[in-house]
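Please read the structure below before turning to the comments.
Each reported figure results from applying straightforward, stated rules to the coordinates on display, with no laboratory input. Just so it is clear, the model here is predicted, and its values are computed rather than measured. Positions of Cβ are backbone-derived with ideal geometry, glycine not excepted, and every protein chain shown enters the neighbour counts.
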Amino acid sequence: MPEAADHRFALKLLAWISGIWLVILGVLFEAAALPPEASGTVIVLFPPGTGTAESVAAGAAAGAKLVSATWFENVLVVTDETPGLAGRLEEQGALGVFENLRIAGISFAGCIGASLR
Amino acid sequence: MSRFRTPALIVIGGAIISLIGYGIRGDFGLFQEPMLGTRGWSRETFALALAVQNLMWGLGQPIAGAIADRYGSGRVLVGGALLYAAGIALGAMAEGPVALHLTLGIMTGLGLSGASMFIVLGAFGRLLPPERRAWASGIATAAGSLGQFLFAPIGQGFIAAWGWQVALVLLAAAALPMIPVAFALRSRSEPVAAEAQQSLGAALREASAHRSYWLLIAGFFVCGFHLAFIQVHMPAYIAGFGLNASVGAWAIGFVGLFNTIGAYAAGVLAGRRSKKNLLAAIYLGRAAVIALFVLTPVSTASVLIFSAAMGLLWLSTVPPTSGLVALMFGPRYMSMLFGVVFLSHQIGAFLGVWLGGWAYDVLGSYTLVWWISVGLGVFSAAVHWPIAERPARLAAQGA
């Protein structure tokens, strides 16, 4: 029967896995960010806690048009074809600017695997 | 068992294999749009490759289990990981539909059969003391669920940074750590007492003549039906009520978070309480949650509450189901016998997806399938109730 020590073991394992995951994400965050001269339709990440209105205003100040909001208030999809969009967004406080990946209806949880719509 | 292979190391090894195997598999959907854009395939072509993958996984699981029971879990895990990685990497080079189905479909599906949580659970049955098995199964199941979340942004990051072809090769490389980790799970069945003379065929015959095994197979079919139907058709169902797409994304997040908690809790409970009663309660709980969801006006709150509740009941069926197989027939042929139970799960999953699509096309609504899901939940609870929760030989003597 599991004891308190077993639950602590499970939590430590979770903490280790989460820590390694965060390091990998940090590396990917740097690698996936677009160079300052990039333009087009991009995903822009503002600091956590930035509201939708504030994010949209910062995007507009960089000369970008809003394409869509996302389920995070500090993450927007914006567009502008003038070169240097990524750099201008970073000047307005963006933490990172990324390629706008289109993702079809997929599910992350469950038994059967990725589902498609 | 060598001295370095402590129970903690075995559990960590099993958790890592579950996490990587399940995690990478959850990323394949991310490749749909970029692959179709480059190759010019139809959605059906890509969907068929993933459907073949799931079918191969289900069909391959009993075979991989039988090989693990006979020649050892470690070899099957290593072979599975190699095939899994090769299928993913070669998928990056597939230029036609046939090559795609061979690589991301057949090779990765069969690779998953070998490098899967279910082989890990069989190894736990042989390597860990009985009082630790259910708890360890809960950890491996929870790790698999967690992997699907952790790998989602990693897969997305790979694609964003280096494009989909390099991303597939990197994911294949991410599968390779399963190989050294598998050494912690090396195990071959050590026949004891009554199992000594039993062949693989005899074990299958014994199981097929045992009523409780069939009841377990019938019950796990329902698990597959529920999860696949909800997973595939829930986004469209939500969208039909005019809710924002972000609600669907949060719903998936809630299912995954609570799934991790539910799987671990089920492992702990399966070690303390009656496994069949736990399963009956889980399936009855699913029926009640689905019924409430269908009867309640759909809103953001109702979707999120439903997702959290279903998440708790999602993979929580795995530790008690695998535990019952081990209890009935012992650990010697557990991987194969649980593989057969899992095949039933995959058939249920196939029907859940198909029936949902059929109902929507023909009837214009999912209502009928929601109520079928409620009925199946009650049915599954009912079939678990009479399961004889003791070794099959004792149950036969007592009959």
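So the label point goes 7 Å from the Cα of B:L292 along Cα→C-beta, right? Which residues of segment B:307-331 then have their backbone N under 20 Å from it?
Zone members listed by number: B:307-317.
Roughly how many nanometres apart are two label points built 7 Å out from the Cα toward the Cβ at B:A8 and B:S299?
In this crude label model, B:A8 to B:S299 measures out at 4.9 nm.
FRET efficiency for A:N100 and B:A99, Cβ-Cβ distance as r, R0 = 35 Å, nearest 0.05?
0.75
Work from the charge dipole of chain B (Cβ charges, +1 for Lys and Arg, -1 for Asp and Glu, about the Cα centre) and give the residue of B:H233, B:L243, B:Y283 farthest towards its positive end.
So the residue we want is B:Y283.
Treating segment B:271-399 as a set of equal point scatterers at the Cα positions, no solvent, please give the Debye-formula log₁₀ I(q)/I(0) at q = 0.15, 0.22 Å⁻¹.
Taking Cα atoms of segment B:271-399 as identical point scatterers yields -0.82, -1.38.
Set Lys and Arg Cβ to +1 and Asp and Glu Cβ to -1, take the dipole of segment B:47-187 about its Cα centre, and tell me which of B:L82, B:A47, B:V166 lies farthest positive.
Of the candidates, B:L82 comes out farthest on the positive side.
Choose one answer from B:G40, B:G58, B:G356: the residue with the largest mean-square fluctuation in a GNM of chain B with alpha-carbon springs under 10 Å.
The residue that fluctuates most here is B:G40.
Amide H neighbours of A:L76 under 5 Å, at least 5 residues apart or on other chains, H built in the peptide plane: list them.
The answer is A:V44, A:F46.
What are the ³J(HN,Hα) values, in whole Hz, obtained from phi via the Karplus relation 6.51 cos²θ - 1.76 cosθ + 1.60 with θ = phi - 60°, for each residue of segment A:16-27 in sequence order, with x given for Gly and Pro?
4, 4, 5, x, 4, 4, 5, 5, 4, 4, x, 5
Give a residue-ordered list of calculated ³J(HN,Hα) values for segment A:48-61 (Karplus: 6.51 cos²θ - 1.76 cosθ + 1.60, θ = phi - 60°; whole Hz; x for Gly, Pro).
Using θ = phi - 60°, the values come out as x, x, 6, x, 4, 4, 5, 5, 5, 5, 5, x, 5, 5 Hz.
Using r as the Cβ-Cβ distance of B:R75 and B:L36, and R0 as 41 Å, what FRET efficiency do you calculate, to the nearest 0.05?
With R0 = 41 Å, the Cβ-Cβ based efficiency is 0.65.
Once R0 is set to 45 Å, what does the formula 1/(1 + (r/R0)^6) return for the Cβ-Cβ distance between B:W354 and A:E91, expressed as a FRET efficiency to the nearest 0.05?
0.30
In terms of the Cα gyration tensor, with a ≥ b ≥ c the square roots of its eigenvalues, is segment B:57-102 rounded because a/c is under 1.5, prolate because a/b exceeds b/c, or oblate? Don't jump to the answer; show the numbers that get you there.
On the way: a/c = 5.12, a/b = 2.14, b/c = 2.39.
Oblate shape, in that a/c is at least 1.5 and b/c is the bigger or equal ratio.
Measuring from a point 7 Å past the Cα of B:A239 along Cα-to-C-beta, which residues in segment B:31-71 have an amide N at less than 19 Å?
B:31-37, B:42-48
Quote to one decimal, in nm, the extra length available between B:R211 and B:R272 on full extension: 0.36 nm per residue of separation minus the C-alpha distance between them.
19.5 nm
Pop out the Kirkwood hydrodynamic radius of segment A:34-99 from its pairwise C-alpha distances, inverse of mean 1/r, in Å to one decimal.
About 11.0 Å, per the Kirkwood formula over Cα pairs.
So what is the diffusion coefficient of segment B:7-182 in µm² per second by Stokes-Einstein at 37 °C and 0.692 mPa s, using a Kirkwood Rh over Cα pairs?
Once the numbers are plugged in, D ends up at 204 µm²/s.
By per-residue mean of other Cβ atoms within 10 Å, what is the highest-first order of A:8-18, B:127-137?
Final packing ranking: B:127-137, A:8-18.
Please say if chain B is rounded, prolate or oblate, where rounded means a/c under 1.5 for a ≥ b ≥ c the square roots of the C-alpha gyration tensor eigenvalues, and otherwise the choice is prolate for a/b larger than b/c and oblate otherwise?
Note, shape of chain B comes out oblate.
Where in chain B are the DSSP H helices whose C-alpha atoms run 20 Å or more along the long axis and whose mean Kyte hydropathy is at least 0.5?
Sorted by number, the helices that extend far enough and score high enough are B:7-25, B:73-91, B:130-175, B:211-239, B:245-272, B:275-295, B:334-363, B:367-384.
What does the charge dipole of chain B about its Cα centre add up to, to the nearest 20 debye, if the Cβ of each Lys and Arg holds +1 and the Cβ of each Asp and Glu holds -1?
Values: 22 positive and 11 negative charges, 243 e Å.
Magnitude of the dipole: close to 1160 debye.
Sticking to Cα atoms, compute the Rg of the protein assembly as shown to one decimal and its Dmax as the biggest Cα-Cα distance, whole number, in Å.
Every Cα atom of the protein assembly as shown included, Rg and Dmax give 23.3, 81 Å.
By what distance, in whole Å, do the Cα atoms of segment B:1-101 stretch along each of the three principal axes, largest value first?
Per principal axis, max minus min of the Cα coordinates gives 54, 23, 19 Å.
Placing unit charges on C-beta atoms (Lys and Arg positive, Asp and Glu negative, everything else neutral), compute the dipole magnitude of the protein assembly as shown about its Cα centre in debye, rounded to 20.
In debye, rounded to 20, the protein assembly as shown gives about 2080.
About its Cα centre, how strong a charge dipole does segment A:34-99 have in debye, to the nearest 20, once Lys and Arg get +1 and Asp and Glu get -1 at the Cβ?
With only Lys, Arg, Asp and Glu charged at Cβ, the dipole is about 100 debye.
Just want to confirm a number: the relative contact order over chain B, from Cα pairs under 8 angstrom separated by 6+ residues, in percent.
Values: 695 pairs, mean separation 98.9, N = 399.
It rounds to 25 percent for chain B.
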